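Quick notes on the structure that follows.
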Amino acid sequence: MVNKIKTCVFISGNGSNLKSIIKSSRDCSFPIRIELIISNNIKAKGINFAKKFSIPYKFFSSKNKIQFERNCLFEIKKRKIKFLCLAGFKVILSKNFIRTFGQKIINIHPSLLPKYKGLNTHRRVLESNEKYSGCTVHFVTPALDSGKIILQKKVLINNNETENSLKKKILMQEHKLYPQSIISVFR
Ligand code: GRF
């Protein structure tokens with residue numbers, strides 16, 4: 001049994017990556033334990049995984065980002081959380097917030113960074129006739145999708161690929177890559 005790092009996962013949507021992290025974290029040798037899930041979207045489906053696995057969760061509106069971050073920091077400090085995983089979290093955190101945590105925030109992005117940072121990744125990849133795409137887990141820095149890369153997984157793009165099929169194909173890889181990346185951070 002390892003001394004698990006207390007972790008908070010941030011979500012905004014479906015939470016399929018959250019689910020894969022929760023499942024991995026139930027293994028006694030996995031380096032982190034999820035102590036809190038924060039969503040900025042009250043309708044995020046991912047909140048159901050918090051309920052299902054009895055993990056504490058909070059909803060905070062991100063309309064006022066300063067207040068949102070204040071609320072998050074309060075909960076994080078109260079629970080002595082030391083590591084943050086962004087998983088489909090659609091808020092850009094402030095420089096101050098990110099600096100408070102140093103190399104302690106990681107994110108998953110559905111492209112082979114540094115290519116295709118930002119939104120509408122799959123559409124842009126297909127429009128550019130790329131042969132490959134993939135996903136990347138990286139440290140979060142104030143510059144969007146630009147922090148040091150932890151792990152990447154490449155997928156081949158088929159001739160008849162659509163945005164939706166590519167999204168699904170990459171998500172399947174994301175679910176393996178995120179837990180592997182967490183292991184690699186604490187190795
Ligand atoms: C994933 O494709 C992730 O890379 C991106 O947002 C999506 C979130 O999916 N940042 P889910 O909420 O984990 O299902």
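In percent, rounded to a whole number, the relative contact order of the range 4-67 is 36, using alpha-carbon pairs under 8 Å and six or more apart. Put simply, the amide H of Ile5, placed in the peptide plane, has neighbours under 5 Å in Ile32, Arg33, leaving out anything fewer than 5 places away on its chain. Scaled against the 2.2 N^0.38 Å expected of a compact globular protein of N residues, the Cα radius of gyration of the range 1-137 reads 1.09. Over the chain, what is the percentage of antiparallel beta bridges among all DSSP beta bridges, to the nearest 5? Antiparallel bridges: around 40 percent, rounded to the nearest 5.
With the cut-off at 15 Å, report for the range 121-166 the share of all Cα pairs above it, as a whole percent. Beyond 15 Å sits 50 percent of the P(r) for the range 121-166. Using modelled backbone amide H atoms (1.01 Å from N, in-plane), which distant-in-sequence or interchain residues come within less than 5 Å of Leu86's amide H? Answer set, sorted by chain and number: Phe10, Ile106, Asn107, Ile108.
Across all directions, the average flat footprint of the convex hull enclosing the Cα atoms of the range 25-98 is 5.3 nm². Accessible surface ranking for Arg33, Arg79, Arg26, 1.4 angstrom probe, highest first: Arg26, Arg33, Arg79.
About the centre of its Cα atoms, the range 1-148 shows a dipole size close to 420 debye [charges on the beta carbon of Lys, Arg (+1) and Asp, Glu (-1) only; nearest 20 debye]. Secondary-structure-derived ellipticity at 222 nm for the chain, considering helices only, amounts to -11000 deg cm²/dmol, per-run term -39500 (n - 2.57) for DSSP H runs with n ≥ 4. The heavy atoms of Ser146 offer some 50 square angstrom of accessible surface to a 1.4 angstrom probe. Each Cα pair under 8 Å and six or more residues apart adds its separation to the average, and for the chain the resulting relative contact order is 20 percent. Legend: distances between Cα atoms for Lys95/Lys167; Lys80/Lys154; Lys90/Lys176; Lys6/Lys115; pairs beyond 27 Å are Lys95/Lys167; Lys80/Lys154; Lys6/Lys115. Over all distinct Cα-Cα pairs of the range 73-187, the Kirkwood formula returns a hydrodynamic radius of 14.9 Å.
The values are calculated or read from the model by the stated rules, or taken from the named source; none is laboratory data. Since the model is a prediction, treat every value here as computed from it, not as a measurement. Because the Cβ atoms are built from the backbone with ideal geometry, glycine has one as well, and the counts that use them run over all protein chains shown. These accessible areas exclude ligands, DNA and RNA; they are computed on the full protein's heavy atoms, side chains included. Shrake-Rupley method; radii C 1.70, N 1.55, O 1.52, S 1.80 Å.
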